[in-house]
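Structure first, then comments.
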Amino acid sequence: MEPTVWWLTTEEQHAWQSFIRMHDRLMDRLSRLLQTDCNVSPADFAVLVELTDAPDGRRRFLDIARALRWEKSRLSHHIARMVKRGQVVRDECPEDGRGAFVVITDKGRAMIEAATPRHVEAVRELFLDNVTPSELRLLARISERVVEKLDEEPS
């Protein structure tokens, strides 16, 4: 017996496609802006944000991979490139021979500190200035609920 496919209603399809279009265009614009105005790739920015959110500027390799939802191999290759550019260093964990820390360097910190004001300005201009406070709260609640559901189910 074949499963029943429940097609999206016109309203559901419109909402879904509008959401996807908005997300894709925002991410594309923010990515290009970071690259052109700040000379920071979106992937570098994401890793540097994870590190600057840590009090000592260091996080376990696997914690970064989990936070960014990247495969270990992707993060490993990316961190190797960032090490070559002097943005981070890799620090082996003495207690766990297999574990490693990623530590932000002064150069990496300077890059994120230079890029963040422009990123925040763009987020405000492209997104926050176009929604009301109540719409923003609603979007946050919707996003949290969907993420909770996704986190409950195995991928």
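Couple of notes before you dig in:
- Residues within segment 29-42 that are assigned to a helix (DSSP H, G or I) and open to solvent by 80 Å² or more (accessible area, probe 1.4 Å), tallied: 5
- Here T132 meets each of (1) under 17 Å from the mean Cα position of the chain (by Cα); (2) open to solvent by 50 Å² or more (accessible area, probe 1.4 Å); (3) of a type in the set (V, I, T) with one exception, condition (1).
- For first residues located in segment 7-19 and at pLDDT below 95, partners that are assigned to a helix (DSSP H, G or I) and lie 6+ apart or on another chain with Cβ distances below 7 Å form the pairs L8/W16.
- Within segment 43-66, the set of residues being open to solvent by less than 50 Å² (accessible area, probe 1.4 Å), without any contact (Cβ under 8 Å) to a residue 40 or more places away in the chain and either over 18 Å from C93 (Cα atoms) or not in a helix (DSSP H, G or I) (or both) comprises A43, A46, E50, A54.
- Restricting attention to segment 100-122, the residues that are in contact with a Gly (Cβ under 6 Å, 6 or more places away or on another chain) and surrounded by 20 or more Cβ atoms within 10 Å (Cβ to Cβ) add up to 1.
- Only one of R118, R141, R137, R74 that is charged (D, E, K, R) and touching a residue at least 60 places away in the same chain (Cβ under 8 Å): R118
- Positions within segment 75-99 being open to solvent by 80 Å² or more (accessible area, probe 1.4 Å) and either modelled with pLDDT of 95 or more or within 21 Å of A114 (Cβ to Cβ) (or both), in sequence order: H77, R81, K84, R85
The values are calculated or read from the model by the stated rules, or taken from the named source; none is laboratory data. Worth saying up front: this structure is predicted, and the values here are computed from it rather than measured. A quick note on method: Cβ atoms are made from the backbone with ideal geometry, for glycine too, and the neighbour counts reach across all protein chains shown. Surface areas here come from the heavy atoms of the whole protein model, side chains and all, with no ligands, DNA or RNA. Shrake-Rupley method; radii C 1.70, N 1.55, O 1.52, S 1.80 Å.
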